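The values are calculated or read from the model by the stated rules, or taken from the named source; none is laboratory data. Note that the structure is predicted; figures quoted are calculated from it, not measured. Ideal geometry is used to build each Cβ from the backbone, glycine not excepted, and the neighbour counts take in all protein chains shown.
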Amino acid sequence: MAIRSFFVPFLLFALCFNSSLTPVLSLYEDQVGLMDWHQQYIGKVKQAVFSTQKTGRRRVIVSTEENVIASLDLRHGEIFWRHLLGSNDVIDGIDIGLGKYVITLSSGGSILRSWNLPDGQMVWESFLQGPKHSKSLLLVPTNLKIEKDNVIVVFSNGRLHAVSCIDGEVLWNKDFEAESFEVQQVIQPPGSDLIYVVGFAASSQFEMYQINARNGELLKHESETFSSGFFREVSLVSSETVAALDSTGSILLTISFQNGEISFQQTPISNLVEDSSGPAVIIPSSVPGIFAIKTNAITIFIRVIGKGKLEVVETTNHETAVSNALPISEGQQAFALVQHAGSEIHLAVKLAHDWDGNLLKESIKMDQQRGLVHKVFINNYIRTDRSHGFRVLIVMEDHSLLLLQQGAVVWSREDGLASIIDVTASELPVERDGVSVAKVEHNLFEWLKGHMLKLKGTLMLASPEDVAAIQSMRLKSSEKSKMTRDHNGFRKLLIVLTRAGKLFALHTGDGRIVWSHLLRSLHKSEACKSPIGLNMYQWQVPHHHALDENPSVLVISRCGPSSGAPGVLSFVDAYTGKELNSLSLVHAVVQVIPLPYTDSTEQRLHLLIDSDKHAHLYPKSSEALGIFKREFSNIYWYSVEELDGIIKGHALKCKCTGEVADEFCFDTRDLWSVVFPSESEKIIATVTRKSNEVVHTQAKVIADQDVMYKYISRNLLFVATVAPKGSGEIGSVTPEESWLVVYLIDTVTGRILHRVTHHGAQGPVHAVFSENWVVYHYFNLRAHRYEMSVIEIYDQSRADNKDVWKLVLGKHNLTSPISLFSRPEVITKSQSYFFTHSVKAIAVTSTAKGITSKQLLIGTIGDQVLALDKRFLDPRRSVNPTQAEKEEGIIPLTDSLPIIPQSYVTHALRVEGLRGILTVPAKLESTTLVFAHGVDLFFTQLAPSRTYDSLTEDFSYALLLLTIVALVAAIFVTWRLSERKELQDKWR
Amino acid sequence: MEKGKGVMGSGRRWAVDFSDNSTAPSSRDIPDPPGFTRASVDQDDSTVSRQKKDAESNWKAQKAWEVAQAPFKNLLMMGFMMWMAGNTVHLFSIGITFSALWQPISALQGVGKVFEPYKDSKVELLGPKLLFIALNLGGLALGVWKLNTLGLLPTHASDWVSSLPPAQEVEYSGGGIPL
């Protein structure tokens, strides 16, 4: 470290001379993976199809809830190929056709695609239209052929299509125009040319259509009415029988339509099980002869024997999941059953007609943090002794995917990380004596060897093996994956909340999962039927005096999708992932306001606003209340009501006047409101500054030593509204009827500080607010291009502070606290530029002290992150900047922002399905940590003005040491030589 | 300075004294050459030494003035170099400016030493010293002026406010779109 501090002035000096050059931030090929990591995920698997032909690699094709189709290696779980379909192109079904095509049905059954199985190239694509919206079903019969062509049967949009498997051509189609017909199943009995389409009409009528599979001709149409109606699920029992429930969920129906005759058989559930109460639901499965229903947490398996006779084969109150049937040999079908029992899961593979016998029974220890088994997919293989072996793919509650084979977990994928809701960063523990979390200290010899190798590399003496060794040493540097805080603050924990309600802690060094925790409070329970994780806040960030405590995060969740549902708070230790506490609230959580005050244990005060606009203070301690009371009159809050187009400001009034006395609950009153005219403006985006952003200075020095004072306020809100007509797709309106209005609103007083209208512009608007500027991105309809605009706000009332002597002596009031109720005099500067890309997310780099210049991080439509210097978005740019302005670093104005290929932060990688970018300051001022997440995760370090405060990672300390030693030796030698010479001179 | 040292000569190894002061011819083995009169030498002892001392002090005063005026040349050269260096901050201009500041300062520190060889009860050194100091101060001023033109002196408001933290706001507001 001493060496570094010695070098800092030198480097700063060196930087002075280089500052006139435009910095191009890029990295060399061998630097990839040194500071960044990239992880690929797919999301929660919806459907899986195995492809285990003898030739070729064994793989499984999956479709997921993140709209990914992927081909995974069955051996290791790696991704062979992967496609992410758009968010409006939801996958309805997948299957394999002809053993070499992956067939996908998506977009509500209107797009059918075929992909080449080995490499994932698209083979063909067909658009299937139909008269009305309906459930979409995909069926790829194995042996149904029309003129040597395999047929795909698709029911979508109220129409049945038969599509050629080879070129995607529609061979025939048949409309089902009956007004209320709702399709439930499309059945193709093997070995016949018939297709059955069964469904309900008018909620109490069962309809059956028999269709010739060769030409789509309707052979038979039967319907039968069942007076008490149907519950909307059927389970296929055999190719000509389905099981259903009546609308009350208390009577089981088996409906057979053999030979076109529909017959109902009713069995009350109470006849089968004694203590059944409450409505039952059918668990969809396709095991012949058997179906399962669930009533109150009890799962009942029922076998159909003969004509509508039912028999209960098993009743269990363990959580159970069943796979679909898998034909293993002639007339035999197997299925897998997974049951939970404590910390183990029991996997049983049974034959469909033989419930009591097990082909396979295994118990596997399962991590409790994975939750319940949600889905099971079964596949078989032939062992060397010609018996059947089974492998089972299971999808867990935390969205992870596991392959079980021979009683063990072969591989697992943490695909919950594909659906991140919120991210926050946490510090690692401080290194203490004896608290060595990972043994990372090399011995001296290793260290020296490493540096000698590096030196060889520097002096170009390294052989190719040495180069490889150097590279692997750099990549595997144990320093970066240590579990303790580092000097530069590069090592941190990224705490991630996923849609499955699981928290993960990722290490920033190598992206590994340090701990993961499935939140108990996000579990389904009696009190909370469908909990949803909403957000995460830093609850306790200990530093200074409270260093003994671990930091903790607050996870806000809600029971149910409506905003009035009661909230749940959980407090999680950031070091260990333990849930410290969880509170089920009686009130809803509509807004969470982290206050800028902390109590003596560094717990941050939070104000939770409920749906009745009461404010609740947390933590509920008298100390927190004391702090809060002191600042009571200075706390305000605002709400943006997007649908009504109103922004309202509120202040706290008094204690709640409810029936229960609660001293932590406060009434609020309305202070101001900004009402946007609903016929001309619709709110589409609001952005504020990040509350933890650090601003170094309030002054901006411009050319000729002049000063401009930034208007820096934490309480500024950027609001973008568009014409209601123009809130749709780009291009749906003419430029004349579309406009974009941008406001800067003070959220304490409701004062509109700035308003600007962009005529002929349209959303979507992505914006980022930092310091005293806001940058936003929108579409310009007149120019047919995307645009980015910047607004900078300056405080004019401070502009007079120019007397040097006053400033030298500190006789100014520039840093004294100000009230927002004093009238501000602001001026704004703005400028607009064309920008090539459409944008998914915008963020800005943030550093520890806010001194380093800023870069915008733009998540482009190509799922990459582009770093763009803020200097390009400087409203003081002009076409011909003066010499002084040039010296200041102002770039001559151009009409569009440059996209420098080297400034892609993600270099050659893509963060598929990019949703958000988070920047976290490192302790080293020059460096910021960037985390981009979508379906993939990407992390890197950025230095917007280069690492001016530290030596680069590949700096050769050995070379430095060697130079110093050589210099000392040279000094010594020359000193001796000069001594001798002098002596000789004296003797002469 | 080197010349002054030569005159005073302390560490010399041998010397020939051409001004032989011995007046008694009896002590000489060798008679005076013909035509040589000792009359000019045979003057009063004190007169000789006074004359010599006068010459020396004259010479010393002259030298002192010379030394005092030496920085003027330096000044001119510095001015020229500064003009060449231009007004942008880079290695050359910074080097020149700092040497322009350093030279006068080091010279002023060593004023006593510089004039020590000419120290004499008869020589008035105040004038040369003042001139020397004035010229060096001029050089210093030139350096400071250069520093200012380079923008390295905190003479503008911008130099004093550039690290002022933003003012605290009394009120705090939070909220946004409902979760």
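Specify the residue that is nearest to the chain's Cα centre (by Cα); the eligible residues are those in the stretch A:135-168 that are assigned to a loop (DSSP other than H, G, I, E, B), at pLDDT 85 or above and more than 19 Å from A:Ile96 (Cβ to Cβ). Steps first, answer last, please.
Filtering the stretch A:135-168 for residues assigned to a loop (DSSP other than H, G, I, E, B) gives A:135-136, A:140-144, A:147-148, A:157-158, A:165-168.
Filter once more, so that each one left must be at pLDDT 85 or above: A:135-136, A:140, A:157-158, A:165-168.
In the following step, the residues that additionally are more than 19 Å from A:Ile96 (Cβ to Cβ) were identified as A:135, A:157-158.
Working: A:Lys135: 28, A:Asn157: 31, A:Gly158: 34 Å.
Per the criteria, the residue is A:Lys135.
Residues in the stretch A:794-833 that are surrounded by 15 or more Cβ atoms within 10 Å (Cβ to Cβ) and assigned to a strand (DSSP E or B): A:Tyr794, A:Asp795, A:Ile818, A:Val826, A:Thr828, A:Ser830, A:Gln831, A:Ser832, A:Tyr833.
Only one residue in A:Gly533, A:Gly560 is on the phi > 0 side of the Ramachandran plot and within 14 Å of chain B (Cβ to nearest Cβ), so which one is that?
A:Gly560
The residue that is modelled with the lowest pLDDT, counting only those in the stretch B:130-177 that are assigned to a helix (DSSP H, G or I) and among the hydroxyl-bearing types (Ser, Thr, Tyr), is B:Ser158.
Taking into account only those residues within the stretch A:936-966 that are in a loop (DSSP other than H, G, I, E, B) and aromatic (Phe, Trp, Tyr), which is surrounded by the fewest Cβ atoms within 10 Å (Cβ to Cβ)? Break it down into steps so the answer makes sense when it comes.
Taking the stretch A:936-966 as the starting set, the residues that turn out to be in a loop (DSSP other than H, G, I, E, B) are A:936, A:943-956.
Now restrict to residues that are aromatic (Phe, Trp, Tyr): A:948, A:955.
On the way: A:Tyr948: 17, A:Phe955: 15.
For the stretch A:936-966, the residue satisfying everything is A:Phe955.
Quick check: is even one residue across the stretch A:189-199 charged (D, E, K, R) and under 19 Å from A:Pro131 (Cα atoms)? Among the residues of the stretch A:189-199, not one is charged (D, E, K, R) and under 19 Å from A:Pro131 (Cα atoms), which makes the answer no. Counting only residues that are assigned to a loop (DSSP other than H, G, I, E, B) and out of contact with any helix residue (DSSP H, G or I) (no Cβ under 9 Å at 6 or more places or on another chain), the stretch A:734-747 holds 2 of them.
Does the stretch A:260-300 hold any residues that are crowded, with 19+ Cβ neighbours inside 10 Å and aromatic (Phe, Trp, Tyr), and which are they? Passing the criteria: only A:Phe291. A:Arg604 meets all of the listed conditions (1) within 14 Å of another protein chain (Cβ to nearest Cβ); (2) out of contact with any Pro (no Cβ under 6 Å at 6 or more places or on another chain) but one, namely (2).
Applying the set (1) away from chain B (no Cβ under 14 Å); (2) assigned to a strand (DSSP E or B); (3) over 20 Å from A:Gln540 (Cα atoms) to A:Trp672 leaves exactly one unmet item: (1). Taking strands (runs of 3 or more DSSP E) as the structural unit, those lying wholly within the stretch A:267-324 and holding at least 3 residues that are among the charged types (D, E, K, R) correspond to A:309-316.
Restricting attention to the stretch A:490-538, which residues are of a type in the set (D, E, K, R) and either at pLDDT 90 or above or part of a loop (DSSP other than H, G, I, E, B) (or both)? Show your work before the answer.
Step one: list which residues in the stretch A:490-538 are of a type in the set (D, E, K, R), which gives A:491-492, A:499, A:502, A:510, A:512, A:520, A:524, A:526, A:529.
Listed by number, the residues that qualify are A:Arg491, A:Lys492, A:Arg499, A:Lys502, A:Asp510, A:Arg512, A:Lys524, A:Glu526, A:Lys529.
Residue pairs whose Cβ atoms lie under 6 Å apart, separated by 6 or more positions or on different chains, with the first residue in the stretch A:802-830 and at the interface with chain B (Cβ under 7 Å from one of its Cβ atoms) and over 19 Å from A:Val701 (Cβ atoms) and the second among the β-branched types (Val, Ile, Thr) and not in a helix (DSSP H, G or I), are A:Pro817/B:Val170; A:Ser819/B:Val170; A:Leu820/A:Val748; A:Leu820/A:Thr749. The set of residues in the stretch B:75-90 that are modelled with pLDDT of 85 or more, surrounded by 12 or more Cβ atoms within 10 Å (Cβ to Cβ) and of a type outside the set (Gly, Ala, Ser) comprises B:Leu75, B:Met78, B:Met81, B:Met82. Checking each residue in the stretch A:38-75 for being surrounded by fewer than 16 Cβ atoms within 10 Å (Cβ to Cβ) and modelled with pLDDT of 90 or more picks out only A:Asp73. The set of residues in the stretch B:104-129 being in contact (Cβ under 8 Å) with a residue 40 or more places away in the chain and assigned to a helix (DSSP H, G or I) consists of B:Val114, B:Phe115, B:Pro117, B:Tyr118, B:Gly127, B:Pro128, B:Lys129. Selection of the stretch A:669-687 for residues being among the hydroxyl-bearing types (Ser, Thr, Tyr) and surrounded by 19 or more Cβ atoms within 10 Å (Cβ to Cβ) yields only A:Thr686. When the stretch A:730-752 is filtered for residues that are touching a Phe, Trp or Tyr at 6+ places or on another chain (Cβ under 9 Å), at pLDDT 90 or above, surrounded by fewer than 22 Cβ atoms within 10 Å (Cβ to Cβ) and away from every other protein chain (no Cβ under 14 Å), the ones remaining, listed by number, are A:Val741, A:Tyr743, A:Ile752. Of the numbered criteria (1) under 30 Å from A:Val804 (Cβ atoms); (2) more than 14 Å from chain A (Cβ to nearest Cβ); (3) more than 13 Å from the chain's Cα centre (by Cα), the one B:Asn148 fails is (2).
Which residue is farthest from A:Gln406 (Cα to Cα), if the candidates are limited to the stretch A:344-367 and must be modelled with pLDDT of 85 or more and outside any strand (DSSP E or B)? The residue in question is A:Asp367. Checking each residue in the stretch A:451-496 for being within 21 Å of A:Leu428 (Cβ to Cβ), among the charged types (D, E, K, R) and loosely packed, with under 15 Cβ neighbours inside 10 Å picks out A:Lys476, A:Glu479.
Do we find that A:Leu534 is in contact with a Lys or Arg (Cβ under 9 Å, 6 or more places away or on another chain) and closer than 28 Å to A:Phe632 by Cα in this structure? Yes: the conditions hold for A:Leu534. Every condition in (1) within 13 Å of the chain's Cα centre (by Cα); (2) surrounded by 18 or more Cβ atoms within 10 Å (Cβ to Cβ); (3) within 30 Å of A:Gln705 (Cα to Cα); (4) free of Cβ contacts under 8 Å to residues at least 60 places away in the same chain is met by B:Ala100 except one, and the failing one is (1).
The set of residues in the stretch A:634-661 that are within 11 Å of chain B (Cβ to nearest Cβ), among the polar types (S, T, N, Q) and free of Cβ contacts under 8 Å to residues at least 12 places away in the same chain contains only A:Asn634.
Residues A:Leu326, A:Leu359: which one is closer than 20 Å to A:Ser235 by Cβ and in contact (Cβ under 8 Å) with a residue 12 or more places away in the chain? Talk me through it step by step, then tell me what you get.
Details: A:Leu359 fails: closer than 20 Å to A:Ser235 by Cβ.
Selected residue: A:Leu326, the only one of A:Leu326, A:Leu359 that is closer than 20 Å to A:Ser235 by Cβ and in contact (Cβ under 8 Å) with a residue 12 or more places away in the chain.
All conditions in (1) in contact (Cβ under 8 Å) with a residue 40 or more places away in the chain; (2) crowded, with 21+ Cβ neighbours inside 10 Å; (3) not hydroxyl-bearing (Ser, Thr, Tyr) hold for A:His353, with the sole exception of (2).
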